[in-house]
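Quick notes on the structure that follows.
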Amino acid sequence: MAEPIIAAPVPAAPVEAPAAPAAPAPGEPTAVLSGDSLLGGGPAPAAAPAAPAAPAAPAYNKEASDKTIREKLLADGKTETDIQAAIKAADDAAAAAAKPGAPEKYEPFKVDPGLNLDPKMVDEFGTIAKTLNLNQQQAQGLVDLQTRYAKAQGEAILTQFRQTVDTWKAETIQVLGAGYKEELGIAAKAIERFGNPGLRQILNDTGLGNHKDVVLFFNKIGKAISEDTLADGKNKGGTKTDGELFYPSMSK
């Protein structure tokens with residue numbers, strides 16, 4: 001199957017997640033961290049809003065076209081000769097687009113904002129369109145069809161990704177239990193000590209800040225940071241180094 005000529009940037013399809021468990025009952029304390037991402041410090045990735053579909057190219061309306069050209073050129077101070085030349089050029093272009101058979105060279109194809117045309121694939125498509133003897137309008141129609149397909153495919157993947165991240169979040173909350181917000185605060189301390197803004201950005205952009213294994217990892221580190229501290233804030237036996245926290249067996 002030939003590669004599509006439309007390249008729509010989409011994330012890799014996530015592994016299908018199990019059904020989301022029930023979230024904790026209402027009335028629990030507010031979240032320790034702001035945003036929808038449990039550890040990322042910001043909202044979890046959301047499905048991109050659907051771009052408005054490009055309207056189908058209307059049939060050439062000479063009267064409306066002539067009026068638009070005349071008003072624009074008069075505003076620019078052009079002469080009647082200039083106006084007539086521009087009107088003739090528009091008529092010729094419309095006739096060429098509707099003329100049966102492939103043109104000598106296709107005009108640049110139009111696509112929705114946010115979608116990119118691969119130049120190599122456009123050239124290949126142009127060759128195939130010429131072989132099929134498609135005129136400009138017919139070739140553009142195929143591009144429009146591929147555009148709609150690429151958009152629908154990208155939106156479906158993003159929607160699935162969002163659902164997967166939401167499932168991770170619900171699973172994590174369930175695993176941490178009723179005191180999950182306190183546990184998240186402990187995990188946040190580990191990120192504040194050992195992480196940086198780049199790490200938070202990764203956790204947020206990938207949705208991994210909601211995954212139970214990632215949250216539990218930072219939660220354990222956060223507890224290791226505080227395990228030798230008494231309730232009154234005094235330290236038992238000195239502060240552990242970062243190496244001792246991550247590799248406790250090395251300090252024995």
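Things to note:
- Residues satisfying the stated conditions in the stretch 98-136, i.e. in a helix (DSSP H, G or I), within 21 Å of Tyr60 (Cα to Cα) and modelled with pLDDT of 90 or more: Gln136
- Restricting the stretch 171-210 to residues that are outside any helix (DSSP H, G or I) and touching a residue at least 24 places away in the same chain (Cβ under 8 Å), the residue that is surrounded by the fewest Cβ atoms within 10 Å (Cβ to Cβ): Ala178
- Residue match in the stretch 233-251 (condition: outside any loop (DSSP other than H, G, I, E, B) and modelled with pLDDT of 90 or more): no
- Residue count for the stretch 118-160, restricted to those that are closer than 30 Å to Thr206 by Cα, buried (at least 16 other Cβ atoms within 10 Å of the Cβ) and among the charged types (D, E, K, R): 2
The values are calculated or read from the model by the stated rules, or taken from the named source; none is laboratory data. These numbers come from a predicted model, not from an experiment. Glycine gets a Cβ as well: all are built from the backbone with ideal geometry, and neighbour counts include every protein chain shown.
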